[in-house]
Amino acid sequence: MSLNDSIKAVREQFRTAIEDIPNEPSKLEKIRVRFLGRKGEVAKLFATMGKIAAEERAEAGKQLNELKNELQSAFDSIVQKMGKSSKKSQADKFDYTLPGLYAPTGSIHPIESTLNEVKDIFKSIGFSVAYGPEVDDEYHNFDALNILEHHPARDMQDTFFVEDRAVLRTHTSNVQIHLMENKEPPIRYIVPGRVYRNEALSYKSFCLFHQVEGLYVDKNVSFAELKGTLDYFVRRMFGENVKIRFRPSFFPFTEPSAEIDLWNPERNQWLEILGCGMVNPKVFENVGYDPKVWHGYAFGIGIERMAMLKYKIKDIRDFYRNDVRFLEQF
Ligand code: DAH
C-alpha cells in the first residue's frame, strides 16, 4: 500500500471511530491512544519513513504531519464540544425566563386586624391595654359584677364550667374587677380578649368570640363623656357618616346602661356592637373603691360583629373555619 493510501485509510478509520463518540464518550481516550498514541496508527506511519526513498521523504513527512495535525485538532474539538455540552446541559436545567419563586405569605386575620384598629384608636385617646384570665372564678366573672347567683342576668350568658366554681369567662368584664382590685384610681384601660358562651350557633353567634372591655374611673367621669368617647370611636372605625343608634339597656354592673347599634345595610337591620354604662356603685364597693369619691364608665365591644360590618362578612362562623379562600381575601 502506498503511503498516500495508508494515510487515506487511517483518516477513514478515524472518522468511523469518532462517529460513535457522542453516544459513548468513555471510548474517547481509547480512540486517542489508537490513533494519536505513541504506538498509534499515525506513529506507525511515521515509522515507515525510513523505507521511503530519500527524495520523497520530505513530502511524505509533510503529509504525515498534516494527518497528525488534522486528527489531533479533530480530536481536540470533539473533546471541547463534549465538555461544553455537559456544562451546557446543566445550565439548561435553569430557565432564566421563569418567574421568580413565590413564597406564600400569610395575611392578618380579620379579627386580629379589627382588634389592632380598636386598640390603636383607644391608645390614641389615652387608654392603656391590659389583659386578664380566660379561665376565672365565678366571683370575678359574675358576683363582683353584681350578677348575683339567682339574678336573671346570669341566664343571659350560657356558661361553660371548667370545674366546680371555675368558668370560661363569658365576657371581658371580669378584668374590670382584677384591674380595680390591683390598682388605685384613676384607671383608664381597654382589655382585648377571647370570651366563651354556650349559645345556640347562628350567623351572628358563636361559642367563642372576642371583646374589648373598656374601663375609665376617675373623680369626674360623666355619661356625656362616655357617649362622646364611643361616638368618636365608632366614627373613626366606620367613617363620619356611619348610621349609629344609642339605646337604653340593662346590665347589672352599670347604671344607667346603654347599647350601641350599627345599621347593617346588607341585612337591612340594626346590629348590636357594644354595651356600656356608668359603673354601678355596688361594683365599686365590691373592689373597695368609695362610690362617693369615684365615678366611672365601662363598655364592652363585640369584635366579630364589628369585623362583620367592616368587611361585609355574612356569617360569624367564617372567622373560625380557617378556610384559606376566606382568609386570603384580607
Ligand atoms: N359584658 C357585657 C356583655 O358581654 C358587655 C358590657 C356591657 C360590658 C356594659 C361593659 C358594660 O363593660 O359596661 O354583653
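Of all the helices (runs of 4 or more DSSP H) wholly in region 231-330, which have at least 1 residues that are within 16 Å of the ligand (Cβ to nearest atom)? Outline the logic, then answer.
Details: elements: 281-287, 303-311, 324-327.
Filter on region 231-330 gives 281-287, 303-311.
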**Request:** Tell me which residues, restricted to region 161-184, are within 16 Å of the ligand (Cβ to nearest atom) and either hydroxyl-bearing (S, T, Y) or in a loop (DSSP other than H, G, I, E, B) (or both).
**Result:** R169, T170, H171, T172, S173
**Message:** I need the full set of residues from region 123-151 which are within 14 Å of the ligand (Cβ to nearest atom) and either among the hydrophobic types (A, V, I, L, M, F, W, C) or free of Cβ contacts under 8 Å to residues at least 24 places away in the same chain (or both), in order please.
**Reply:** F127, A130, F142, A144, L145, I147
**Prompt:** So how many residues does region 185-230 have that are touching a Gly at 6+ places or on another chain (Cβ under 9 Å), within 13 Å of the ligand (Cβ to nearest atom) and either not assigned by TED's automatic domain parsing to the domain that holds F284 or not in a strand (DSSP E or B) (or both)?
**Reply:** 5
**Message:** Condition first: modelled with pLDDT under 95, closer than 24 Å to P281 by Cα and under 36 Å from the mean Cα position of the chain (by Cα). Can you find one or more residues in region 151-168 that meet it?
**Reply:** yes
**Item:** Wholly within region 15-116, helices (runs of 4 or more DSSP H) carrying at least 1 residues that are surrounded by 12 or more Cβ atoms within 10 Å (Cβ to Cβ) and modelled with pLDDT under 85
**Value:** 28-36, 54-92
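The values are calculated or read from the model by the stated rules, or taken from the named source; none is laboratory data. Predicted model only: the values in this text are computed from it and were never measured. Cβ atoms come from the backbone with ideal geometry, glycine included; neighbour counts cover every protein chain shown.
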